[in-house]
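Everything below concerns the one structure shown next.
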Amino acid sequence: MVTVTQQKCACADCVCIVDVDSAVKKAGRNYCSDDCAEGHPKGAGCEHTGCVCHG
Ligand SMILES: [Zn+2]
Ligand SMILES: [Zn+2]
Ligand SMILES: [Zn+2]
C-alpha cells in the first residue's frame, strides 16, 4: 500500500516538492522551509537548488 506523502510547497513561487511528514506546517499548508511558511519576510529564498522563490 503506497500513500502519497509529497506535494508542492504551498509558496506560490516555490517549485519544491515537500514530504508531508517533514514539511513546515502553517495554517494547514505544507511548506519546504520556514521562509516559505512565513512568506519570505526577509526576501530570502528557500535555498533549494533550482528554486527562485523569494516571496
Ligand atoms: Zn523553494
Ligand atoms: Zn518552498
Ligand atoms: Zn518560497
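The values are calculated or read from the model by the stated rules, or taken from the named source; none is laboratory data. These numbers come from a predicted model, not from an experiment. Counting neighbours? That spans all protein chains shown, and the Cβs are built from the backbone with ideal geometry, glycine included. SASA here: full protein model, heavy atoms, side chains in, ligands and nucleic acids out. Shrake-Rupley method; radii C 1.70, N 1.55, O 1.52, S 1.80 Å.
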Which part of the range 1-40 falls in the paramagnetic zone of T49, meaning amide N under 16 Å from the point 7 Å along Cα-to-beta-carbon?
15-17
Where does the chain land on Rg(C-alpha)/(2.2 N^0.38 Å)?
1.09
Lys/Arg Cβ at +1, Asp/Glu Cβ at -1, dipole of the chain taken about the Cα centre: which of M1, T49, A23 is farthest positive-ward?
M1
Tell me, which cysteines of the chain are without a disulfide-compatible partner by the Cβ under 4.7 Å rule?
C46, C51
Of all trypsin sites (Lys or Arg not before Pro) in the chain, which ones are in loop regions per DSSP and have a Cβ with at most 16 other Cβ atoms within 10 Å?
K42
Per residue, how many Å² of accessible area does the chain show with a 1.4 Å probe?
70
Tally up the carbon and sulfur contribution to the accessible surface of the range 5-55 as a whole percent, 1.4 Å probe, everything protein left in place.
47
